[in-house]
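The values are calculated or read from the model by the stated rules, or taken from the named source; none is laboratory data. All of these numbers come straight from a predicted model, not from anything done at the bench. Cβ atoms come from the backbone with ideal geometry, glycine included; neighbour counts cover every protein chain shown. Just the protein is used for accessible areas: all its heavy atoms, side chains included, with ligands, DNA and RNA removed. Shrake-Rupley method; radii C 1.70, N 1.55, O 1.52, S 1.80 Å.
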Amino acid sequence: MLLSPRAPDAGVAAHERLYRGLRGQIMHGELAPGQALTLRGLARAHEVSMTPVREAVRRLAAEGALVLSNSGRISTPELSNERIEELASIRALLEPELASRALPRAHLALIDRLQTINSLNAEAVTKRDAVGYIRTNLEFHRTLYLRAQAPAILAMVETVWLQLGPTMRALYGRLRREAAPPHHRQIIAALRAGDEPALRLALRTDVTQGLKHLLA
């Protein structure tokens, strides 16, 4: 029997689709810290074979988004205080740098787009939508950082976001926010004013303050 020449492409597409779907779930806090997963369960849920599941899990484990034990158990990471502090420090170093690089390219259309995203972020707080809050928060930052035209730095930052996703969900539940934090508005104001020191300060405060509430 002749094999369809598209069969390999279908396998790659299934793996990539599963990888991106799981990556988004983890980054946006849809999975809790320490949540156990199984290869078979993932295959059933996403209606794919075991091969793309194994490959997607392998990639996510390499990025620190999943933990593979010696016994083969798969779970989302449960971060120690030391690990949270380390990841917060990475964010505090890299994200103000990305914002600074984006500042010369922060045209009015970008600022208006950030304002719109921030409004959606505030709506998620009002609705107590934890996943929506995390998703719009990261969309706000990514939209700004794309203007930095520094893809290598952004890739490192997104890997940190990925590792922090489940922990950010736990943080949201602990804080029980009634209103969106003010830092995004400060970021937008600094962009409008072209004030790089204020922009760096607002970014640094935004990416580190919330995580401090997780430290015992």
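Of the listed requirements (1) within 19 Å of Arg83 (Cβ to Cβ); (2) buried (at least 17 other Cβ atoms within 10 Å of the Cβ); (3) not aromatic (Phe, Trp, Tyr), Asn121 misses just one: (1).
Scanning region 102-114 for residues that are under 20 Å from Asn137 (Cβ atoms) and either of a type in the set (Lys, Arg) or exposed (fewer than 14 other Cβ atoms within 10 Å of the Cβ) (or both) turns up Asp112, Arg113.
For region 174-202, give me the residue count where each residue is within 17 Å of Leu94 (Cβ to Cβ), modelled with pLDDT of 95 or more and crowded, with 17+ Cβ neighbours inside 10 Å.
Of the residues in region 174-202, the ones within 17 Å of Leu94 (Cβ to Cβ) are 183, 187, 196, 199-202.
Filter again for modelled with pLDDT of 95 or more, leaving 187, 196, 199-202.
Subsequent filtering for residues that are crowded, with 17+ Cβ neighbours inside 10 Å retains 187, 199-200, 202.
Selection size over region 174-202: 4.
Of the residues Leu98, Leu79, the single one that is in contact with a helix residue (DSSP H, G or I) (Cβ under 8 Å, 6 or more places away or on another chain), within 29 Å of Ile187 (Cα to Cα) and assigned to a helix (DSSP H, G or I) is Leu98.
Considered as a group, the residues in region 75-92 that are of a type in the set (A, V, I, L, M) and more than 11 Å from Leu164 (Cα to Cα) include one that is least open to solvent (accessible area, probe 1.4 Å), and that residue is Ala92.
The set of residues from region 51-68 being over 19 Å from Ile84 (Cα atoms) and open to solvent by less than 50 Å² (accessible area, probe 1.4 Å) comprises Pro52, Val53, Ala56, Val57. Considering only residues in region 1-50 that are open to solvent by 70 Å² or more (accessible area, probe 1.4 Å) and aliphatic (A, V, I, L, M), the one that is modelled with the lowest pLDDT turns out to be Met1.
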